[in-house]
Amino acid sequence: MRRMFRFGRWPRVPNRFGVIERGDIKELSTEDLYRLVEAASRNKWSGRGRPDWLADHRAELTDIYLTFLLEETKGVFRCSTTVVLRDGTGGHFSLDVTRADFDRLPDVKRAGLVDLAHRFLSIFPNIPLDAAQREAWDRAYPRNPA
């Protein structure tokens, strides 16, 4: 499997719980996701995804990413699944996946990684103009030009 980084491995990063763990980002097809959701349901794992939501949005799915959160039980990873819809919205949910299935999934491609980085960076709010900047802006672009 081709790795994203020259050194051959994903870096270890803090997960949502602050624990330094695997930093892999996997890219899934819709079929991969449905197969993993079915396996989680069949095995009665608690992280089963959102089958009803997925059924309602299947035609709108464009990008699906999986990241490691923690090892739920021996050989089973609790993962965060991020889904992006055609209109740019989406969300995330937990999904339990075997270590073997996780390792077999392809790493995110460079373009997907750049897209994720830009999505992340865009969530921060704009910092308002300083007072002097605001005054200059208001003079240059009056709200109700006469």
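Here, each number is a calculation from the coordinates, and none is a lab measurement. Small disclaimer: the values here were computed from a predicted structure and weren't measured. Counting neighbours? That spans all protein chains shown, and the Cβs are built from the backbone with ideal geometry, glycine included.
Can you match Rg/Rh (Cα atoms, Kirkwood Rh) to one of these, (i) 0.95; (ii) 1.05; (iii) 1.15, based on a calculation from the structure here? Step by step, Rg/Rh (Cα atoms, Kirkwood Rh) for this structure corresponds to label (iii). Within the range 91-106, whose backbone N sits under 20 Å from a point 7 Å along Cα→Cβ of ARG12? The answer is 99-100, 102-103. Per-residue 3J(HN,Hα) values for the range 29-40, derived from phi via the Karplus relation 6.51 cos²θ - 1.76 cosθ + 1.60 with θ = phi - 60°, read 8, 4, 5, 4, 4, 4, 5, 6, 5, 4, 5, 5 Hz in sequence order (x marks Gly and Pro).
Summary value for the range 12-140: 23 percent relative contact order, contacts being C-alpha pairs under 8 angstrom separated by 6+ residues. Working ranking of peptides 43-51, 92-100 by packing, defined as the average number of other Cβ atoms within 10 Å per residue, highest first, is 92-100, 43-51. Working note: 222 nm ellipticity from helices only, DSSP H runs with n ≥ 4, each -39,500 (n - 2.57), summed and divided by the residues of the chain, gives -9500 deg cm²/dmol to the nearest 500. Take 36-42, 83-89, 137-143, 122-128 and order them by the average number of nearby Cβ atoms within 10 Å per residue, most first; the result is 36-42, 83-89, 137-143, 122-128.
Here the calculated FRET efficiency for VAL114 and THR30, from their Cβ-Cβ distance with R0 = 25 Å, stands at 0.70, rounded to the nearest 0.05.
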